[in-house]
Amino acid sequence: MGATFAVAVGILGFILILQFLAVAWYFLPILREKVVESATVASVRPATDIPASAPPAGNPAANTIAKPERAQPDPALVQRINRLVTDSDHSYRVGDFESSLKGINEAADLLADDPGILLRRARLLESMQQPADAAADYARVAALPGLPADLRTQAEKKLAQLGGTASPSTPSGSHQVMEDAPTGQNSDVRDEVGLQPGSKLGVVDTKLRDGAPGTKVLRIAIKSRPGSTVDTREMKLHVFFYEQDESGEIQLTESKVVSQWISPPVNWADNEPELLDVTYILPDSNLPGSAASNGSPGRKYAGYIVGVYYNGELQDTQADPGPLARKFPLPLYLKQEAQ
């Protein structure tokens, strides 16, 4: 009985193995096809299955929209424009208007609608008695978007002054406007720091007040260009007071004039204006040092002119009244021995 049971169990086991092989033989091709299909689908699944709003783990900035980089200006071009503007400013200050206009026009061609360049050219054209062209540039500046308020006011003021002379057919009116300009010798166009374009120093404010009896005190604020180093030995300030005699002629005063810096040390190290007080003895005061005491009675105060020089070159002027600076123009350069 034991042998019979063992044989029966063996036969049943063999039958089960045959059945398993038969099932496997039938289902194996189907299973293989499913596996291949799944592998193929996984290999071509698009990346858009990942939600667009979800940045990859560990990189929260990956979902930020990339902005195109702003094109950097060509350093050689920037250097060329700066050189043209600098040379034009220098030519303007020494009275070579043709060379100044040539340079600033070339700069304007390279950098269109730059307010600094347009204001320079307008000032130059005004000095060359071309009010219509100057007014056109002032109008372009005033219309620029995002312009600083002081430059816009400046352009609009000059445009209003030239408003009645914008036509080339009225040059005489232009001359009258320029004669009445408060700054006299130079146009009152200033750059963004309040200085004449290209200058290293500038007279940014003058105030005349009554001093001790028989005197007037002129306070002068002189500013340096921010970031520049000023050698005080190369800075010269000229202050002239003028008087009118009994015949109506205007002449340089013979009265005593005394000056004193009130903001020592005078070095412009903090980019702040340095202040100078100039005391002038009135001609009709009969005080020692007045024009009357010097044998010139009957004179009356008529105005002043202030000029600041650096390295012997005129940087800026202020005059009150303005026409004085045209009647008595300051030299563009100081002679070495006269500095």
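Quick look at the values:
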{"item": "Count of region 284-320 residues which are at negative phi and in contact (Cβ under 8 Å) with a residue 40 or more places away in the chain", "result": "25"}
{"item": "Pair list, Cβ under 7 Å, 6 or more apart: region 80-98 residue under 21 Å from PRO331 (Cβ atoms), other residue surrounded by fewer than 20 Cβ atoms within 10 Å (Cβ to Cβ) and among the aliphatic types (A, V, I, L, M)", "result": "ARG93/LEU332; VAL94/LEU332; GLY95/LEU332; PHE97/MET128"}
{"item": "Residue, surrounded by the fewest Cβ atoms within 10 Å (Cβ to Cβ), within region 269-316, restricted to residues that are within 24 Å of the chain's Cα centre (by Cα) and modelled with pLDDT under 90", "result": "ASP270"}
{"item": "Given (1) under 25 Å from GLN196 (Cα atoms); (2) outside any loop (DSSP other than H, G, I, E, B), index of the condition TYR280 fails", "result": "(1)"}
{"item": "Every residue from region 285-339 that is within 22 Å of ASP191 (Cβ to Cβ), in a loop (DSSP other than H, G, I, E, B) and in contact with a Ser or Thr (Cβ under 9 Å, 6 or more places away or on another chain)", "result": "GLY322, LEU330"}
{"item": "Residue within region 117-129 that is outside the structural domain of PRO329 (by TED's automatic domain parsing) and more than 21 Å from ASP316 (Cβ to Cβ) present", "result": "yes"}
{"item": "Residue within region 228-238 that is within 30 Å of LEU84 (Cα to Cα) and in contact with a Pro (Cβ under 7 Å, 6 or more places away or on another chain) present", "result": "no"}
{"item": "Matching residues in region 125-152 - criterion: being more than 15 Å from ALA112 (Cα to Cα), over 15 Å from the mean Cα position of the chain (by Cα) and of a type outside the set (Gly, Ala, Ser)", "result": "LEU125, GLU126, MET128, GLN129, GLN130, PRO131, ASP133"}
{"item": "Helices (runs of 4 or more DSSP H) wholly inside region 72-147 that include at least 3 residues being surrounded by fewer than 22 Cβ atoms within 10 Å (Cβ to Cβ) and modelled with pLDDT of 90 or more", "result": "75-93, 97-110, 131-142"}
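The values are calculated or read from the model by the stated rules, or taken from the named source; none is laboratory data. Everything numeric in this text was worked out from a predicted model, so none of it was measured. In this analysis, Cβ positions are derived from the backbone assuming ideal geometry, glycine residues included, and neighbour counts consider all displayed protein chains.
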